[in-house]
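First comes the structure, then the notes that go with it.
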Amino acid sequence: WEATDYSKFVLNEFNRDPSHYKKVLESIKSNDYTKYQPILVDRQMNIVDGQNRFLACKELGFPIYFIVSKDIHIFAAADINQASKNWSTQDYVQHYSKRGKESYTKMLDLCAKYGQRISVIAQFGKMTDKVRSHTENVKKGNFTFRDDIDVDAFFEHLSSFQKYYKFATNERFVKALLKMYMHPDYNEKVMANKLRIVSAIVHDQPNVDLMLGELTKLYNYKSRKPITVK
């Protein structure tokens with residue numbers, strides 16, 4: 001189908017934020033491919049896929065090419081984009097938050113509160129069956145927080161490292177510390193004491209595993225009860 005009456009289309013609040021449509025606009029301006037990539041709408045003309053293309057064409061005054069699906073619904077945007085990889089993890093989190101999933105809203109709040117990425121906060125979630133990573137779990141809409149860890153308490157503990165290491169704000173450091181923090185024998189007071197005594201033995205590393213090795217070395221320094229963290 002083709003239309004020039006833009007008012008008949010409805011932007012979908014459950015889709016990702018179409019704020020980057022200006023980039024799409026420039027692409028369409030130089031090479032209009034929209035006839036071969038029509039937007040997808042449901043029977044109520046809610047745009048399920050293609051909001052950026054719609055806004056770009058509307059601003060340019062170009063016709064809207066679209067397909068109406070009788071079976072699709074407005075929540076399908078996330079599922080459609082899992083295959084195309086057009087959505088970022090942030091887009092998925094915002095999508096599920098708007099749908100009323102409290103764990104996703106909490107995730108956004110924690111990202112803002114502690115200045116962390118979604119990929120870090122996702123580590124505090126439960127892993128569901130048949131997913132290979134925390135990121136995949138988030139994208140599928142299955143994310144819920146673990147019951148055995150206090151997120152705020154962890155970040156309070158993390159703040160003590162930031163007094164000693166500038167790189168303690170790096171994602172790899174946070175993930176490495178979280179692995180230690182979740183070890184059943186990990187003791188915050190023991191680590192705080194080692195920080196005061198020999199913090200200089202820890203150096204920044206390029207990945208999580210090596211960073212974990214540095215933190216384990218610090219924790220186990222002259223310890224009678226060393227721990228091993230995988």
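The values are calculated or read from the model by the stated rules, or taken from the named source; none is laboratory data. Note that the structure is a prediction, hence the values are computed from the model and not measured. Ideal geometry is used to build each Cβ from the backbone, glycine not excepted, and the neighbour counts take in all protein chains shown. For accessibility, only protein heavy atoms count, side chains too; no ligands or nucleic acids. Shrake-Rupley method; radii C 1.70, N 1.55, O 1.52, S 1.80 Å.
What label, among (i) 0.93; (ii) 1.13; (iii) 1.01, belongs to Rg/Rh (Cα atoms, Kirkwood Rh) computed from the structure on display?
The value computed from this structure is option (ii).
If you find the alpha carbon centre of region 171-230 and of region 47-71, how far apart are they in angstrom?
52 Å
Please report, as a whole percent, how much of the solvent-accessible surface of the chain comes from carbon and sulfur atoms (probe radius 1.4 Å).
Here carbon and sulfur together make up 48 percent of the probe-accessible area.
How much mean residue ellipticity at 222 nm does the chain get from its helices, if each DSSP H run of length 4 or more adds -39500 (n - 2.57) and you divide by all residues, to the nearest 500 deg cm²/dmol?
-13500 deg cm²/dmol
Amide H to amide H under 5 Å from Gly125: which residues, 5+ apart in sequence or cross-chain, H placed 1.01 Å off N in plane?
Arg146
Taking springs between alpha-carbon atoms closer than 10 angstrom, which of Asn142, Asn193, Asn12 fluctuates most in the Gaussian network model of the chain?
In this elastic network of the chain, the residue with the biggest mean-square fluctuation among Asn142, Asn193, Asn12 is Asn193.
Share of antiparallel DSSP beta bridges in the chain, in percent to the nearest 5?
55 percent
For the chain, what's the relative contact order in percent, using C-alpha pairs closer than 8 Å and at least 6 residues apart?
Over the chain, the number comes to 13 percent.
With each label point set 7 Å from Cα along the Cα-Cβ vector, what nm distance links Ala153 and Phe167?
The modelled label-to-label distance comes out at 2.9 nm.
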